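Remarks on the structure that follows.
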Amino acid sequence: MTRPLDGITVVSLEHAIAAPFCTRQLADLGARVIKVERPGVGDFARAYDTRVKGLASHFVWTNRSKESLTLDLKQPDALAALKLLLDQADVLVQNLAPGAAARMGLSFEALRQAHPRLIVCDISGYGEDGPYRDKKAYDLLIQSEAGFLSVTGTPEAPSKAGNSVADIAAGMYAYTGILSALLLRGKTGQGSHIDVSMLESLAEWMNYPMYYAYDGAPPPPRTAASHASIYPYGPFAVGDGGTVMLGLQNEREWKAFCAGVLQDAALATDPRFDSNANRNEHREPLKALILGVFSTLTTAQVEARLDAAQIANARMNDMAGLWSHPQLKARGRWQDVGSPAGDIPALLPPGRNSAFDYRMDAVPAVGEHTEAILRELGQGDAQIAALRAAQAI
C-alpha cells in the first residue's frame, strides 16, 4: 500500500519536542526520517525520564519509525558524512541552538546551489531575525511570551499547559509547512526555506483571546477549567464525588438544560440568566443553583439527564482513563511498536485514511542505524573504524 511520503528522505538535526514531533508525523506518512544524534548520549530528551520500560515518555512519543545516526558534527569527517547524506535528502529539519546550523554551513542559503530541490525547515524559539533571534526558548518561556499564561489558570495564579503546547504548535506548523513545500516543489522543481518560530506558532493559537482584547478591551479572565466567556461551560461537582464537564453553546440548549437537567423550565427566562452575557455576569448564583441540583444526583444520573437533553458533556478523565478509553479501543486506535525495551503501545495518528495505513515502526536505539547508513554513503570498514576511533560516530 503506497503512503503519501514513500520515497521522501528527511534528515533531521533534532532534539526535545518541536522538530521530533514534526518529523515523526512525516514518518507516519511513509517518509524515511534519519535522526542525527550526538554519539553516546543522543537526543537529550532520551534522558527526560524512564517511565516507559526505562525509556523517556517524550522520546517514545515523538521518535518512532525513525533511523538513528550518530555524528559529532564538530568533527570535519562527521560533518562531511552529513553533507554526503544531504545529496540524497529531500528535506532538512533542524532545531539546534540559534545560528548553530548556519555556522556548520547548513543554512538554506549555503545549501541551495548544490541542492536546489532541498527543502530546509528551521525551527526556533523566535525566528531567524528580529531582536529576540538569539534568545534561548523553552516551552514554558514561550507560553509566557505568547500570553498563554495570562489567560490560563485560576484568578489567583496562572498555570502552564499540562503538555508542551508551544513545542507542539511549532511542530505542527513545521509539519504542514514541509507538506506544502513538497507540493510546491512538485510544481516548480525547486526547494524552499521554512522558518518556523515557537512564538509565532503559539501566537496564532492565541488569536481568539487577542481579538477578545482588541483595541484595549479587557482580556479574557483566567477561569480555571471553565470557559472565559460562555456559561455554564466547564466542570461541575456531583453528589457522588465525581465531576462532570458540560458546555452550552446557545439559547436553545440553555432552555433544554433548564427543563431537562435542572428540571426548572422557568429558570430559562430569569432575567439574570436569559442570555449568555447575563449568565456570564451572574456566574456565582447560577453555579450555586446548578451545584444544588447536581449534589442530589450521581455522576451517571447527571450524564443521563445531559444526554437526554442533548447537552454536550464529558467525564474528567485522568491518564488511566485515557489509556482505557472505550472509544479509542472500539475504533482500534492502539498498535504496538518496537523499541529498545520491547514492544510498547502507541496511538495511531489522528485521521483514518482509506487509501493507506500509517507507518508504525520501532523507536530507535542511539546510533542503531549509523553503520548501515554510512555504508549506503560509500563508507568502507576502514573509514567507519576511523570515525569510531575518533568518537565522531
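No value in this document is a laboratory result; all are computed from the given coordinates. None of these values were measured; they are calculated from a predicted model. Ideal geometry is used to build each Cβ from the backbone, glycine not excepted, and the neighbour counts take in all protein chains shown.
Residue order for PHE236, PHE148, fewest other beta carbons within 10 angstrom first, comes to PHE236, PHE148. Using just its DSSP H runs of length 4 or more, each adding -39500 (n - 2.57), the chain gives a mean residue ellipticity at 222 nm of -10000 deg cm²/dmol after division by all residues.
In this structure, the pairs whose alpha-carbon distance is over 30 Å, taken from LYS136/LYS329; LYS35/LYS135; LYS35/LYS187; LYS187/LYS329; LYS53/LYS74, are LYS136/LYS329; LYS187/LYS329; LYS53/LYS74. Our summary of shape: the Cα atoms of the chain have principal axis extents of 85, 48, 40 Å, ordered from largest down, in whole angstrom.
With both partners inside the chain, how many of the DSSP beta bridges are antiparallel, as a percent to the nearest 5? Taking every DSSP beta bridge within the chain, about 40 percent pair in antiparallel fashion. For the residues GLY186, GLY162, GLY99, a GNM of the chain with alpha-carbon springs under 10 Å puts the largest fluctuation on GLY162. Along the stretch 55-68 the Karplus relation, 6.51 cos²θ - 1.76 cosθ + 1.60 evaluated at θ = phi - 60°, assigns HN-Hα couplings of 9, 7, 4, 4, 5, 4, 4, 9, 9, 5, 6, 10, 9, 9 Hz to successive residues, with x for each Gly and Pro.
Going from the residue with the fewest nearby Cβ atoms within 10 Å to the one with the most, ASP49, ASP129, ASP122 rank ASP129, ASP49, ASP122. Among the chymotrypsin sites (Phe, Trp or Tyr not before Pro) in the stretch 97-141, those placed in a DSSP loop whose Cβ has at most 15 other Cβ atoms within 10 Å are TYR132, TYR138. Among the GluC sites (Glu not before Pro) within the stretch 148-248, those in coil by DSSP and having at most 15 neighbouring Cβ atoms inside 10 Å are GLU156. A simple count of charges around ARG222, restricted to other residues whose Cβ falls under 14 Å of its Cβ and scoring Lys, Arg +1 and Asp, Glu -1, yields +1. Counting only the backbone N, which residues of the stretch 241-268 are under 13 Å from the spot 7 Å out from the Cα of TYR208 toward its beta-carbon? Under cut-off, by backbone N: 247-249. Fewest neighbouring Cβ atoms within 10 Å first, the residues GLU281, GLU253, GLU37 line up as GLU281, GLU253, GLU37. Note that the stretch 36-52 has calculated 3J(HN,Hα) couplings of 8, 10, 6, x, x, 9, x, 3, 5, 5, 4, 9, 4, 7, 10, 6, 10 Hz, one per residue in order, obtained from phi through the Karplus relation 6.51 cos²θ - 1.76 cosθ + 1.60 (θ = phi - 60°); glycine and proline are x.
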